[in-house]
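What follows is one structure encoded as structure tokens, with my remarks underneath.
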Amino acid sequence: MAEVSAGAGAAAALSELALFPLKSVLFPGALLPLKVFEARYLDLVGRCLRERKGFGVVCLLQGNDHGRAGVRFEREGVLARIDKVDAEQAGILHLRCTGMYRFAIDGEAQQQDDGLWLATAIRQPDDAVLAPEAALLPTVKALANAIDALREQGSTPFAKPYRFDDAGWVANRWCEILPISRAAKQRLMMLPEPQLRLRLVDEYLRGKGVV
């Protein structure tokens, strides 16, 4: 499952990548809590743990993640790594996952007899690590303030280390918490230029009077 072809790197192919359609957009570096109880996903978790591999999270466009007929999802997503598994009761797993890197589905995804979707996917380039432009520093500071406010409320939505000197990291964390549509988040997630992604976030925040 999700075996990488020869020549691993930005354009590496992932064969038989298992897909997990969700009504949300996962970003690289994001924390993803999941409650798993369907047989196909319980089996998937077991295989991922045994083989030390991840699964692909794609945003659901139509249908239900547990359904078959009329299911549509985005062709680009993010690989999720399972970091922690808790089994508080029989048949239910609570996962803590982290978004790793973006991918694009190559060809058509195929649904298996158990309902699980598999696809060949192409890994997309990681964001270049770039310091935020000077004009965007107020948005960086606003994120630090938002993290402090969330921490005071007992919430820790982001994994450490906090990389305020990385434009892509700052943009992604803002995109996770902004009250914008899933379609807008999907477009931002796949935008290959982290500085531009942060500029768009900055424009949104300035328009709302946040910075």
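Residues in the range 98-128 that are of a type in the set (D, E, K, R), exposed (fewer than 12 other Cβ atoms within 10 Å of the Cβ) and part of a strand (DSSP E or B): Glu108 alone. When Val140, Val85, Val201, Val170 are screened for being assigned to a strand (DSSP E or B), among the hydrophobic types (A, V, I, L, M, F, W, C) and surrounded by 12 or more Cβ atoms within 10 Å (Cβ to Cβ), only Val85 passes.
Each residue in the range 173-197 was checked for being under 16 Å from Pro132 (Cβ atoms), assigned to a helix (DSSP H, G or I) and open to solvent by less than 50 Å² (accessible area, probe 1.4 Å), and 7 of them qualify. If I filter the range 72-86 for residues that are of a type outside the set (Asp, Glu) and in contact with an Asp or Glu (Cβ under 6 Å, 6 or more places away or on another chain), do I get at least one hit? The answer is no; no qualifying residue exists. The number of residues in the range 143-167 being in contact with a Leu (Cβ under 8 Å, 6 or more places away or on another chain), in contact (Cβ under 8 Å) with a residue 24 or more places away in the chain and not in a helix (DSSP H, G or I) comes to 5. Return a yes/no flag: does the range 126-136 have any residue that is under 23 Å from Glu74 (Cβ atoms) and in contact (Cβ under 8 Å) with a residue 60 or more places away in the chain. Checked against the condition, which is being under 23 Å from Glu74 (Cβ atoms) and in contact (Cβ under 8 Å) with a residue 60 or more places away in the chain, the range 126-136 yields at least one hit.
Within the range 31-48, can one find any residue that is farther than 15 Å from Thr98 by Cβ, modelled with pLDDT of 95 or more, within 10 Å of the chain's Cα centre (by Cα) and hydrophobic (A, V, I, L, M, F, W, C)? No, the conditions are met nowhere in the range 31-48. Of all residues in the range 17-32, those satisfying the criterion of being under 20 Å from His94 (Cβ atoms) and either of a type in the set (Lys, Arg) or not in a loop (DSSP other than H, G, I, E, B) (or both) are Ala18, Phe20, Pro21, Leu22, Lys23, Ala30, Leu31, Leu32.
The values are calculated or read from the model by the stated rules, or taken from the named source; none is laboratory data. Keep in mind it's a predicted model, so treat the numbers as computed, not measured. Note that each Cβ is placed from the backbone with ideal geometry, even for glycine, and that neighbours are counted across all protein chains shown. For accessibility, only protein heavy atoms count, side chains too; no ligands or nucleic acids. Shrake-Rupley method; radii C 1.70, N 1.55, O 1.52, S 1.80 Å.
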